[in-house]
Amino acid sequence: MTVKEWQHANQWQEEALAGLRLKFDVVKGPMFHVSCLSNHVTSDLILSFHHCICDGGGGVLLIRELLTFLDGKESNIDKQNRLLRIDDIIPIEVRKSKINQVKTSCLSGLLKTALSISAIFTSTKNSGTLTRSRDYLLHSKLDRESTSIWVSICKKHGVTVNTAIGLLLLKAYEKVAGPESKNKISCPVDIRKFAKQIRENQLFSFGMVLTLTNKKANHKSFWPEAQILQTVVDKQIKALKPYEFLMTFEKLHSALPRMIKMLTYGKVGNDLMFSNIGRIPLQNEYQNFSLETVFSPMVIGPFANPSTIICSTFNDELDFSFVSNEGFLPQEKAKSIIEFVRNEMILLITSAKKNHDNTT
């Protein structure tokens with residue numbers, strides 16, 4: 001743990017970027033670091049850890065356990081002797097099914113072949129473009145009233161917050177990037193929603209991915225387009241097969257170096273990664289301190305496309321963190337993307353307020 005003097009309100013962003021640049025020793029450890037910015041009245045805690053420990057949901061668990069420890073209630077901290085194994089997650093009848101075994105073996109074989117071919121044609125010549133010193137972080141927060149209205153109008157139109165923001169990001173990227181836009185956003189899916197064997201108080205780091213794309217519906221208003229996209233998302237979610245997915249990737253361990261090479265140097269196929277963690281279930285008041293706010297987690301890796309937006313909600317405020325690299329997406333363009341999304345959200349929220357006022 002590192003303790004530094006708290007100097008200004010945005011210092012946590014500088015410390016967060018430093019945390020993203022940490023190189024953990026994956027053999028010896030530790031794989032977890034805490035920085036504390038303190039002025040003896042207010043403290044900012046920044047948790048940095050390798051993604052192999054857990055995902056965003058697991059990160060929230062780590063925050064909860066740390067706050068519990070700081071509050072002097074060590075006995076309430078959950079104990080996890082080891083990380084989950086595949087036998088703990090996938091029911092035995094699914095693992096032993098001959099159909100599933102053949103299907104996942106064939107699929108893993110095809111993926112290994114594809115990765116081998118891809119690795120041959122993937123060049124590492126431009127490996128110096130995305131140096132960690134050029135990473136940046138943008139942060140934005142929506143106030144409580146605006147967040148409440150945004151959530152309610154999404155529900156009114158039968159659209160999830162995730163889908164609505166995803167559509168705004170697609171529109172924003174198309175406006176800012178123009179012809180360079182891929183019209184594709186990758187969205188991680190929390191596998192805990194499908195594999196109930198993984199409890200909320202367990203660390204886990206593996207997820208499935210949905211793809212969002214704008215079909216150019218040419219509707220005059222935003223919500224009909226969002227409803228169409230929601231229909232597509234619902235179909236993708238229904239088609240997810242988490243146990244087969246895990247069985248397939250369990251058989252791809254030998255292909256990991258080729259997979260990393262493809263992700264690091266391969267052709268970029270999406271505009272960015274977008275993840276909505278949702279409501280963060282942490283209390284505000286503790287015995288020894290109060291929790292003022294929680295900033296959305298952020299993640300970055302040595303990938304060809306490092307752009308990632310993560311949002312979450314705490315204290316009924318929607319919070320955004322946008323991480324990318326100057327060598328891939330200039331910071332000014334990233335700011336324009338965030339500003340477009342925020343402005344469009346405010347316009348939709350203002351319109352909803354006016355309609356509500358006119359009918360009451």
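The values are calculated or read from the model by the stated rules, or taken from the named source; none is laboratory data. Being a predicted model, the structure only gives us computed values, none of them experimental. Reconstructed Cβ throughout: ideal geometry from the backbone, glycine too, with neighbour counts over all protein chains shown. Surface accessibility is based on the protein's heavy atoms, side chains included, excluding ligands, DNA and RNA. Shrake-Rupley method; radii C 1.70, N 1.55, O 1.52, S 1.80 Å.
Could you tell me whether any residue of region 174-188 is free of Cβ contacts under 8 Å to residues at least 60 places away in the same chain, within 19 Å of the chain's Cα centre (by Cα) and either assigned to a strand (DSSP E or B) or buried (at least 20 other Cβ atoms within 10 Å of the Cβ) (or both)?
So in region 174-188, the residues free of Cβ contacts under 8 Å to residues at least 60 places away in the same chain come out as 174, 178-180.
Still in the list and also within 19 Å of the chain's Cα centre (by Cα): none.
Within region 174-188, not a single residue is free of Cβ contacts under 8 Å to residues at least 60 places away in the same chain, within 19 Å of the chain's Cα centre (by Cα) and either assigned to a strand (DSSP E or B) or buried (at least 20 other Cβ atoms within 10 Å of the Cβ) (or both).
Taking the condition assigned to a strand (DSSP E or B) and buried (at least 16 other Cβ atoms within 10 Å of the Cβ), does L62 pass?
Details: assigned to a strand (DSSP E or B): no; buried (at least 16 other Cβ atoms within 10 Å of the Cβ): yes.
Judged against the criteria, L62 is not a match.
Can you name the residue in region 297-342 that is charged (D, E, K, R) and part of a strand (DSSP E or B) and is also least open to solvent (accessible area, probe 1.4 Å) among such residues? It would help to see each step written out before you state the result.
Within region 297-342, the first condition is being charged (D, E, K, R), and the residues that meet it are 316-317, 319, 326, 332-333, 335, 339, 342.
When the remaining residues are screened for being part of a strand (DSSP E or B), the result is 317, 319.
On the way: E317: 49, D319: 1 Å².
The selected residue is D319.
Pairs only if they're at least six apart or on different chains, beta carbon under 9 angstrom, first in region 18-42 and closer than 18 Å to K4 by Cβ, second in a loop (DSSP other than H, G, I, E, B) and open to solvent by 90 Å² or more (accessible area, probe 1.4 Å); list them, first residue then second.
Final answer for the pair search is H33/M1; V34/M1; S35/M1; C36/M1; L37/Q7; N39/Q7; T42/E292.
Within the group S43, S35, which residue is hydroxyl-bearing (S, T, Y), at pLDDT 85 or above and crowded, with 17+ Cβ neighbours inside 10 Å? Reasoning before the result, please.
On the way: S43 fails: crowded, with 17+ Cβ neighbours inside 10 Å.
Testing whether each residue is hydroxyl-bearing (S, T, Y), at pLDDT 85 or above and crowded, with 17+ Cβ neighbours inside 10 Å leaves just S35.
Examine region 193-200 for a residue that is touching a Pro at 6+ places or on another chain (Cβ under 7 Å), part of a loop (DSSP other than H, G, I, E, B), open to solvent by less than 20 Å² (accessible area, probe 1.4 Å) and under 30 Å from L62 (Cα atoms), and state whether such a residue exists. Break it down into steps so the answer makes sense when it comes.
Applying the first criterion (touching a Pro at 6+ places or on another chain (Cβ under 7 Å)) to region 193-200 yields 194-195.
Okay, now just the ones that are also part of a loop (DSSP other than H, G, I, E, B), so 194-195.
Those left that are additionally open to solvent by less than 20 Å² (accessible area, probe 1.4 Å): 195.
Among the residues that remain, those that are also under 30 Å from L62 (Cα atoms) are: 195.
Yes, some residue in region 193-200 is touching a Pro at 6+ places or on another chain (Cβ under 7 Å), part of a loop (DSSP other than H, G, I, E, B), open to solvent by less than 20 Å² (accessible area, probe 1.4 Å) and under 30 Å from L62 (Cα atoms).
Taking K215, is it under 27 Å from L263 (Cα atoms), in a helix (DSSP H, G or I) and not acidic (D, E)? Outline the logic, then answer.
Values: under 27 Å from L263 (Cα atoms): yes; in a helix (DSSP H, G or I): no; not acidic (D, E): yes.
Here the answer is no, as K215 does not meet what is asked.
Write out, first by first residue and then by second, each pair whose Cβ atoms fall under 6 Å of each other, whose residues are 6+ apart or on separate chains, and whose first residue, in region 225-253, is hydroxyl-bearing (S, T, Y) while the second is open to solvent by 60 Å² or more (accessible area, probe 1.4 Å).
The qualifying pairs are T248/L107.
Being loosely packed, with under 15 Cβ neighbours inside 10 Å and under 23 Å from the mean Cα position of the chain (by Cα) is the filter; apply it to region 19-29 and report the residue that is nearest to H139 (Cα to Cα). If you could, list the steps in order and put the result at the bottom.
Initial filter on region 19-29 (loosely packed, with under 15 Cβ neighbours inside 10 Å): 21-23, 25-29.
Adding the requirement that they be under 23 Å from the mean Cα position of the chain (by Cα) leaves 21-23, 26.
On the way: R21: 18, L22: 20, K23: 23, V26: 29 Å.
The qualifying residue nearest to H139 (Cα to Cα) is R21.
Please go through region 92-107 and give me each residue that is of a type in the set (S, T, Y) and either under 13 Å from Y243 (Cβ atoms) or over 31 Å from the mean Cα position of the chain (by Cα) (or both), ordered by number. If you could, list the steps in order and put the result at the bottom.
Residues of region 92-107 of a type in the set (S, T, Y): 97, 104-105.
S97, T104, listed by residue number.
Quick one: which helices (runs of 4 or more DSSP H) sit completely within region 221-276 and have at least 3 residues that are at pLDDT 90 or above and open to solvent by 70 Å² or more (accessible area, probe 1.4 Å)?
On the way: elements: 222-239, 242-250, 256-265.
The helices (runs of 4 or more DSSP H) meeting that bar are 222-239.
Inspect all residues belonging to region 97-107 and state whether any of them is in a loop (DSSP other than H, G, I, E, B), modelled with pLDDT under 90 and either open to solvent by less than 90 Å² (accessible area, probe 1.4 Å) or of a type outside the set (D, E, K, R) (or both). Don't jump to the end; show me each part of the working.
Step one: filter region 97-107 for residues in a loop (DSSP other than H, G, I, E, B), giving 97.
In the following step, the residues that additionally are modelled with pLDDT under 90 were identified as none.
Scanning region 97-107, I find no residue that is in a loop (DSSP other than H, G, I, E, B), modelled with pLDDT under 90 and either open to solvent by less than 90 Å² (accessible area, probe 1.4 Å) or of a type outside the set (D, E, K, R) (or both), so the answer is no.
For region 112-131, give me each residue that is assigned to a helix (DSSP H, G or I), open to solvent by less than 60 Å² (accessible area, probe 1.4 Å) and touching a residue at least 40 places away in the same chain (Cβ under 8 Å). Outline the logic, then answer.
Narrowing region 112-131 to residues assigned to a helix (DSSP H, G or I): 112-120.
With open to solvent by less than 60 Å² (accessible area, probe 1.4 Å) added as a condition, the list becomes 114-116, 118-119.
L115, S116, S118, A119 - these are the residues of region 112-131 that are assigned to a helix (DSSP H, G or I), open to solvent by less than 60 Å² (accessible area, probe 1.4 Å) and touching a residue at least 40 places away in the same chain (Cβ under 8 Å).
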